[in-house]
Amino acid sequence: MTEDWKKQANCRGMDIKIFFPDHNDVHVNSRFVWTLAKQICEGCVVRQECLEYQLPFEEASCRRDGMWGGLTPTERRAYVYNNK
């Protein structure tokens, strides 16, 4: 899979902390951060490509971090489970 889709992503050039919040930082309101990230992802034309890019990595590493394809780590875990 080429990574040309990244050029069309709504998140391109944005602060990565929006999509990868530090949940250990007491100053981070993670619910707000996920809401903002979801709003950015909502209308993204490459949302599916983003999700499909990340899922193989997560399967191989058993790590889920950040917002990918408009889904939080918990939502991606459920997505994978429901699509087996």
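Since every read-out is calculated from the coordinates, none of them should be taken as a lab result. Given the structure is predicted, the values throughout are model-derived calculations rather than measurements. No Cβ is skipped: glycine too gets one built from the backbone with ideal geometry, and neighbour counts run over all protein chains shown.
Electrostatic bookkeeping for LEU71 treats Lys and Arg as +1 and Asp and Glu as -1; over the other residues with beta carbon under 10 Å from its beta carbon, the sum is +4. Phi angles across the stretch 74-84 convert, under the Karplus curve 6.51 cos²θ - 1.76 cosθ + 1.60 with θ = phi - 60°, into 3J(HN,Hα) values of 5, 5, 5, 4, 5, 4, 5, 4, 6, 10, 7 Hz, Gly and Pro given as x.
Highest mean first, the peptides 62-70, 6-14, 76-84 sorted by other C-beta atoms within 10 Å per residue fall in the order 62-70, 6-14, 76-84.
For the pair LEU51 and GLU3, the difference between a 0.36 nm per residue extended length and the Cα-Cα distance amounts to 16.0 nm.
Taking amide H atoms as placed 1.01 Å from N in the peptide plane, the amide H of VAL46 lies under 5 Å from those of ASN10, each 5 or more residues away in sequence or on another chain.
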